[in-house]
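Asker: Below is one structure. I have some questions about it.
The values are calculated or read from the model by the stated rules, or taken from the named source; none is laboratory data. Given the structure is predicted, the values throughout are model-derived calculations rather than measurements. Methodologically, a virtual Cβ is constructed for each residue, glycine included, from the backbone with ideal geometry; neighbour enumeration extends over all protein chains shown. In case anyone asks, the SASA skips ligands and DNA or RNA and just uses the protein heavy atoms, side chains included. Shrake-Rupley method; radii C 1.70, N 1.55, O 1.52, S 1.80 Å.
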Amino acid sequence: MQAEAEALLLLKRTKELQRYRASNEVDTKVRSPLRLYACYGKRPFDILFSVTFLLLVGIWLFPLIALAIRLDSRGPILFRQRRVGLNGETFSCLKFRTMTHDPQARFAQAQKNDPRITRVGAFLRRSNFDELPQFINVLLGDMSVVGPRPHVAELDHVFADVVPGYVLRNRVRPGVTGLAQVSGCRGETRSVRDMTHRIRFDTFYCRTVSFTMDLKIIVLTVLRALQGDEKAY
């Protein structure tokens, strides 16, 4: 009886394994166009979009923003910060400076009514204009137009081992904008719960990335910028 039970259990497991493999084969066929865009189409799209934006908009908007920052507070126009990118490699992420300049300051997430944020900086953060120099990062190959937002290493150290699927976000290039951001996951992440909610959007994007989704996220980003985002502080 014991031998018969073991044989039945083995047969059951074999059938389950076959169904699992079959489902993976179907999933591969369904997702192959998505992988085709992610592997071969996304980078050319990033380059074309970034060059177009910088030539049509950045060439006149960047000097205006730079002048406003210079007149508003002392310090450099651009803020450089080490962020975690593709495969966990760090890179120098560019932003327009939105806070008072303090070379000795340690990393701390921006909070609502943060006294470090300048007057011009508050506008830049609400409109997402502070992120525009990252199109240069896109051209350099550090970032993509759309993808999970790049985190500083300090956040990775805190959440990587406690948030399920956290490391999956580093298997694609980080984005100037992303699904989590247009879905309301912006601002300070005060708890594991907050970060887990954000990572769910990131991992969903990594699994289902497509040209159509990228276009939708770009359009939603522009709409959020025009409307202003209360979480962009």
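Asker: Out of S191, S127, report the one residue that is over 23 Å from L64 (Cβ atoms) and polar (S, T, N, Q).
Answerer: On the way: S127 fails: over 23 Å from L64 (Cβ atoms).
Answer to the check: S191.
Asker: Pick from region 114-140 the residues that are free of Cβ contacts under 8 Å to residues at least 24 places away in the same chain and outside any helix (DSSP H, G or I): which of them is most open to solvent (accessible area, probe 1.4 Å)?
Answerer: P115
Asker: Of everything in region 173-194, what is in contact with a helix residue (DSSP H, G or I) (Cβ under 6 Å, 6 or more places away or on another chain) and modelled with pLDDT under 90? Give them in sequence order. Can you show your working first?
Answerer: Filtering region 173-194 down to residues in contact with a helix residue (DSSP H, G or I) (Cβ under 6 Å, 6 or more places away or on another chain) leaves 173, 176-177, 179-180, 182-183, 185, 189.
Scanning region 173-194 gives S183, C185, T189.
Asker: Tally the residues that are modelled with pLDDT of 90 or more and either open to solvent by 70 Å² or more (accessible area, probe 1.4 Å) or among the small types (G, A, S) (or both), restricting the search to region 195-206.
Answerer: Count: 2.
Asker: Separate question: If T212 passes every condition in (1) of a type in the set (S, T, N, Q); (2) touching a helix residue (DSSP H, G or I) at 6+ places or on another chain (Cβ under 6 Å); (3) over 20 Å from N87 (Cα atoms) but one, which one does it miss?
Answerer: (2)
Asker: If you go through region 161-186, how many residues are over 21 Å from P133 (Cα atoms), open to solvent by less than 30 Å² (accessible area, probe 1.4 Å) and of a type in the set (A, V, I, L, M, F, W, C)?
Answerer: Here the count works out to 2.
Asker: Give me the residue from region 89-107 that is surrounded by 14 or more Cβ atoms within 10 Å (Cβ to Cβ) and more than 17 Å from the chain's Cα centre (by Cα) and, out of that set, modelled with the highest pLDDT. Please lay out each step first, then the result.
Answerer: Residues of region 89-107 that are surrounded by 14 or more Cβ atoms within 10 Å (Cβ to Cβ), as a first pass: 90-91, 93-100.
Keeping just the survivors that are more than 17 Å from the chain's Cα centre (by Cα) gives 96-100.
On the way: F96: 96, R97: 93, T98: 89, M99: 83, T100: 82.
The qualifying residue modelled with the highest pLDDT is F96.
Asker: For A38, work out the one condition from (1) in a helix (DSSP H, G or I); (2) closer than 30 Å to V158 by Cα; (3) aliphatic (A, V, I, L, M); (4) modelled with pLDDT of 95 or more it doesn't fulfil.
Answerer: Tallying (1) in a helix (DSSP H, G or I); (2) closer than 30 Å to V158 by Cα; (3) aliphatic (A, V, I, L, M); (4) modelled with pLDDT of 95 or more, A38 fails exactly one: (4).
Asker: Identify all residues within region 61-87 that are outside any strand (DSSP E or B), open to solvent by less than 40 Å² (accessible area, probe 1.4 Å) and under 30 Å from R171 (Cα atoms); write none if there are none.
Answerer: Once the filter is applied, which keeps residues that are outside any strand (DSSP E or B), open to solvent by less than 40 Å² (accessible area, probe 1.4 Å) and under 30 Å from R171 (Cα atoms), region 61-87 yields only G85.
Asker: Okay, next question. Just give me the residues in region 111-130 being under 19 Å from the mean Cα position of the chain (by Cα) and either of a type in the set (S, T, Y) or modelled with pLDDT of 95 or more (or both), in sequence order. Can you show your working first?
Answerer: Here is the first cut: in region 111-130, the ones under 19 Å from the mean Cα position of the chain (by Cα) are 124-130.
Answer for region 111-130, where residues must be under 19 Å from the mean Cα position of the chain (by Cα) and either of a type in the set (S, T, Y) or modelled with pLDDT of 95 or more (or both): just S127.
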